[in-house]
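Just below is one structure, and these are the notes that go with it.
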Amino acid sequence: MQVGPSQASTSTPIRERFQIKSKHWLFLMACPFLVLVFIFSYLPLGGWIYAFYDYRPGIPLSKSDFVGFHWFTAMFSNEVQRSEMVRVLRNTFAISSLGILTSVLPVIFAIMLTEVRNASFKKIVQTFTTLPNFISWVLVYSFAFMLFSVDGGFLNNVLMSLGWIEEPTNILASNQHTWLAMTLWGVWKGLGWGAIMYIAAITGIDQELYEAAKVDGASRFRQIWHVTIPGIMPTFFVLLVLSIANFINNGMEQYFIFANAMNMSNIEVLDLYVYNVGITGSNFGFATAVSIMKSFVSLFLLFLANGLSKAVRGETII
Amino acid sequence: MAIRSKISFFDIINYTVLALFTLTCFFPFYYLFINTISNNDLSSRGLVMFYPIEIHLSNYAQVFQIPGFGQAALVSLGRTVIGTLLTVAASGFLGYLFTKQEMWGRRFWYRFLVITMYFNAGLIPWYLIMRNLGLLNNFLAYLLPAIVSPFYIILVKTYVESTPISLQESAQIDGAGYFTVFWKIIMPLITPILATIAIFSAVGQWNQFYDTLFLVTDQRLYTLQFILWRYLNEATSVAEIMRQTGGSTRLDLSMMPTATSIRTTVTMIVVVPILLVYPFFQRFFVKGIMIGAVKG
């Protein structure tokens, strides 16, 4: 064995030898995990092939008819389908737009909270407002059910005992204001959590800036306007850009859980539509085609948002 | 002291708005809780509104008699504990490996991993792959897809890179291999970030709902979230079954299971574990997302 003597001589050759032996060893250790990534993230891309076949569950793909771009053109081919797509896209855009509009609320909340001087009040507010972020949509729906249901729900009982309404109204199974209701649930769940980043950003602002503003005679509002807001703009901008990139990915859990026969026409966003058509309706080919379109559009939006970020801040997000 | 400014109009508005929103966040939890411990008959008519009436705890004993409830609790607990351990171990180890410049194809594999955060094949292709892998009605479907999570790996990698490299080098000169360095040197250093990941991952596993919806039809693999969702829609029939199978019951109306008592009690049981760990993780998660924020 020659290893012994050469190791003793100088440190550089040892390290080189170490690296040559170890670079593959490092890869081998990472390999099982990379295989998992491949299986669960890349392999499903192969499933895009179903968008080009008239595949029905139970019949193998080899026996299914190749239909080319049929499912893609089917999205807009006839009047009924076209209005269906328009409805789903309108729901998606409306809910996402409301989401972007309400993204200033965590900023306002964070500013309000940092203006509070009583430490224990601040702590209590932060603890309870962050909590809803950690419960699932199923639990949120359970709360909604108890508070707003038509028989024995809290709100109906309060309003009736106050004599403001005669008959209980079924708020959850209503087609009115569905977009707004979904947005408000999102705000209820996410506001406290969303503010954490901004609170941290405000804490990071140099205190000397406030001192200087005070010396110049700035009021509390002026300090907020000229020091706090510019201080958190970069954080706000990054999150705004990310929400643009996710404009058509509302996810489906919230909408799936809150959906019912009454509100379906207004709550059905793209992700829920894919589920309803694909899993419930067993039309795998069409649902996959919609997914593919969605992937390309969100990829485009991601690059657009990235370009926007580069142009405005000189920094990329990906 | 005279310097202390008096309470302004702004303060009044500010405190009021914050207090109201805090109450809005807190009240649903409180409302459900008082309903689980109150007279079931009054509760089902919505008459328990601000404080508990005729306190009893029998609802909590009763829901465990619902067929399948105990099993679902075990499945949820199992996936949370095992899933979190696997995710934390994998994130820690892989995050460390990716700090090693000398890894073969490091840049490529790191991108291979990170880019998966930005695309997703879609529901149907994912479902079909899971089916072809034999992960329908399989407990592993709860664990395997969650093991490698790019975001957690970025967190660990960033964290390891902020620790002094000299510690690792001195151990390597003493003849320690990568695994020994990871176990003896890195692990103790990165405990805070691993705790953060454990919290996120545990909450995620406990709250996970739609993998059961898509992939599981076997009742023995139902999770608490899933059966809660079913009870929200079918609680009336569950209550009916319980009244009948409860049989010769000496329970009076005030303790008889109702649709409302089942809904509220199961909800409380699903919420409680989160409430229990919440104070502990409050101090970790802020640190956790800030590290994430730095990296973007």
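The values are calculated or read from the model by the stated rules, or taken from the named source; none is laboratory data. Computed from a predicted model, the values in this text were never measured in an experiment. Every residue, glycine as well, gets a Cβ built from its backbone with ideal geometry; the counts of neighbours run over all protein chains shown. The accessibility values were calculated without ligands, DNA or RNA, using every heavy atom of the protein model including side chains. Shrake-Rupley method; radii C 1.70, N 1.55, O 1.52, S 1.80 Å.
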**OP:** Kindly provide log₁₀ I(q)/I(0) values, in the same order as q = 0.18, 0.19 Å⁻¹, from the Debye equation applied to equal alpha-carbon scatterers of the stretch B:10-56.
**Re:** -0.58, -0.61
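How big is the dipole moment of the stretch A:83-313 about its Cα centre under a simple scheme where the beta carbon of each Lys and Arg is +1, that of each Asp and Glu is -1, and everything else is neutral? Debye, nearest 20, please. Working shown, then result.
Working: 12 positive and 12 negative charges, 110 e Å.
For the stretch A:83-313, the charge dipole is close to 520 debye.
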Original post:
Roughly how crowded by other chains is peptide A:249-258, in terms of the mean Cβ count from those chains within 10 Å of each of its Cβ atoms?
Top reply: 2
Original post:
Charges only on Cβ, +1 for Lys and Arg, -1 for Asp and Glu: so what's the dipole of the stretch B:1-152 about the Cα centre, in debye to the nearest 20?
Top reply: 620 debye
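Assign unit charges at the C-beta atoms only (+1 for Lys and Arg, -1 for Asp and Glu), then state the dipole size of the protein assembly as shown relative to its Cα centre in Debye, rounded to the nearest 20.
Details: 38 positive and 29 negative charges, 280 e Å.
In total the dipole reaches around 1340 debye.
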Original post:
Which of A:V158, A:V241, A:V269 moves most in a GNM of chain A, Cα contacts under 10 Å?
Top reply: A:V158
Subject >> Förster radius 60 Å - calculated FRET efficiency between A:V86 and B:A176 (Cβ-Cβ, nearest 0.05) >> reply: 0.40
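Taking only Cα atoms of the stretch A:101-153, what ratio of Rg to Rh do you get with Rh as the Kirkwood inverse-distance radius?
On the way: Rg = 14.9 Å, Rh = 13.3 Å.
Ratio of gyration radius to Kirkwood radius for the stretch A:101-153: 1.12.
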Subject >> Summed residue charge, Cβ within 13 Å of A:V290's Cβ, Lys/Arg positive, Asp/Glu negative >> reply: -2
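Once the Cα gyration tensor of the protein assembly as shown is found, what semi-axes does its equivalent ellipsoid get, as square roots of 5 times the eigenvalues, in whole Å, sorted largest first?
Values: eigenvalues 354, 242, 156 Å².
Those come to 42, 35, 28 Å.
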Original post:
Where is the GNM fluctuation largest for chain B (alpha-carbon springs, 10 angstrom cutoff): B:M130, B:M103, B:M255?
Top reply: B:M103
**OP:** Name the residue farthest towards the positive end of the dipole of the stretch B:59-295 from the options B:L94, B:V266, B:F280, assuming +1 on Cβ of Lys and Arg, -1 on Cβ of Asp and Glu, about the Cα centre.
**Re:** B:L94
Original post:
Average partner chain C-beta neighbours within 10 Å, per residue of A:205-218?
Top reply: 0
Original post:
By its C-alpha gyration tensor, with a ≥ b ≥ c as the square roots of the eigenvalues, how is the stretch B:59-295 shaped: rounded for a/c under 1.5, else prolate for a/b larger than b/c, else oblate?
Top reply: prolate
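Classify the stretch A:230-297 from the C-alpha gyration tensor, please: rounded if a/c falls under 1.5, else prolate or oblate depending on whether a/b exceeds b/c. All intermediate terms of the calculation are to be shown ahead of the outcome.
Details: a/c = 4.27, a/b = 1.84, b/c = 2.32.
Oblate, because a/c is 1.5 or more while a/b does not exceed b/c.
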**OP:** Indicate the gyration tensor shape class of chain A (rounded, prolate or oblate), computed on the Cα atoms with a ≥ b ≥ c the square roots of the eigenvalues: a/c under 1.5 is rounded; otherwise a/b larger than b/c is prolate and the rest oblate.
**Re:** oblate
Original post:
How crowded by other chains is B:101-112, given as the mean number of beta carbons from other chains within 10 Å of each beta carbon?
Top reply: 5
**OP:** For the protein assembly as shown, build the charge dipole from Cβ charges (+1 Lys, Arg; -1 Asp, Glu) around the Cα centre, then report which of A:S96, B:Q168, A:M262 sits farthest towards its positive end.
**Re:** B:Q168
**OP:** Quick one: accessible surface of B:Y159, probe radius 1.4 Å, all protein chains present, in square angstrom to the nearest 10.
**Re:** 50 Å²
Subject >> Whole-Hz ³J(HN,Hα) from phi, Karplus 6.51 cos²θ - 1.76 cosθ + 1.60, for the stretch A:294-307, glycine and proline x >> reply: 4, 4, 5, 5, 6, 5, 4, 5, 4, 5, 4, 5, 5, x
Original post:
How do A:L139, A:L43 rank by accessible surface area computed with a 1.4 Å probe, from largest to smallest?
Top reply: A:L43, A:L139
**OP:** Please name whichever of B:I37, B:L113, B:A19 sits farthest to the positive end of the charge dipole of chain B, dipole taken about the Cα centre and charges placed at Cβ: Lys and Arg +1, Asp and Glu -1.
**Re:** B:L113
Original post:
Which far-off residues, 5 or more places away or on another chain, put their amide H under 5 Å from the one on A:Y53, with H placed in the peptide plane?
Top reply: A:V67
Subject >> Residue-level accessible surface for A:M146, protein heavy atoms, 1.4 Å, Å² >> reply: 10 Å²
Subject >> Simple label model, 7 Å out from Cα along Cβ direction - B:F27 to B:H56, nm >> reply: 2.9 nm
Subject >> Top of A:S41, A:S282, A:S22 by mean-square fluctuation, Gaussian network on chain A, Cα under 10 Å >> reply: A:S22
Original post:
Could you state the number of Å between the C-alpha centres of the stretch A:115-155 and the stretch B:8-35?
Top reply: 9 Å
